[in-house]
Amino acid sequence: MYFDCTVPPSADFNLHAQVTDADLHQLMTDISSPTNHLEGTLSGNLTVTKANTGNWESWNGFGNAKLRDGFLWDLPLFGIFSPVLNAVIPGLGSSRVSGGTATFTITNSVIHTDDMEIRSSAMRLAYRGTVDFKGKVNARVEARLLRDAWVVGPIVSLLLSPLTKLFEYKVTGTFHEPQKEPLHIPKELLFPFHPIRTLKELFSEEKPQKPHPTPPTEKPPPP
């Protein structure tokens, strides 16, 4: 007779979590950054359908999140757009957010959303893309100006819809150090938003390599 009582090194699991009217600042203080300046009231659901404790890339599931009366610009993923938005309307890139919503799926520890929206009275910021558990980001962001302005918002938004593509960016890098790249405008037109950085990108060139010295030619021996 033989018994194996060895505890397995890992185990499969599933879970469901729900949060209602949580203080975003306190939540992020507990799980991430104690010095964050985030604000807002967060509600949401997370369902993990299958994961393994020994494999960080094994998570699968889905969920949703909803934020109201928040301040999100302290997150680099949103804060990188503050200078661009402030250049269009002063204060827009540092204003409070009236609401935000998103649904998402998780496949092998990659979170994907097609409908994240951050809203204020002067704009909507739409995110589409992925972020994995290691923080790698691959997304597109589109700013829709004056979409929710009272009374005239839908009309102004319709008139400005041809300009929407000017505020569409590709976002790569990591969650804490994201990089943005405009999809439909050349870098020269970004000068008012980031003059120093744009000049460096436009005029910096790789230093030409010094040519290797030509070895002296050997003279033939005298006859």
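Once a ≥ b ≥ c are taken as the square roots of the eigenvalues of the Cα gyration tensor of segment 1-146, is the result rounded (a/c under 1.5), prolate (a/b larger than b/c) or oblate (a/b not larger than b/c)? Verdict is prolate for segment 1-146.
A protection proxy built from the mean count of other Cβ atoms within 10 Å ranks the segments 41-49, 77-85, 98-106, 10-18, most packed first, as 77-85, 98-106, 41-49, 10-18. Computed 3J(HN,Hα) for segment 108-125, one whole-Hz value per residue from the Karplus formula 6.51 cos²θ - 1.76 cosθ + 1.60 where θ = phi - 60°, is 6, 6, 10, 8, 10, 9, 10, 9, 5, 9, 10, 10, 9, 5, 10, 6, 10, 10, glycine and proline marked x.
We did not get these values from a lab; they are worked out from the coordinates using the rules stated. Owing to the predicted nature of the structure, the values given are computational and were not obtained by experimental measurement. Here Cβ is always computed from backbone atoms with ideal geometry, including for glycine, and neighbour counts include all displayed protein chains.
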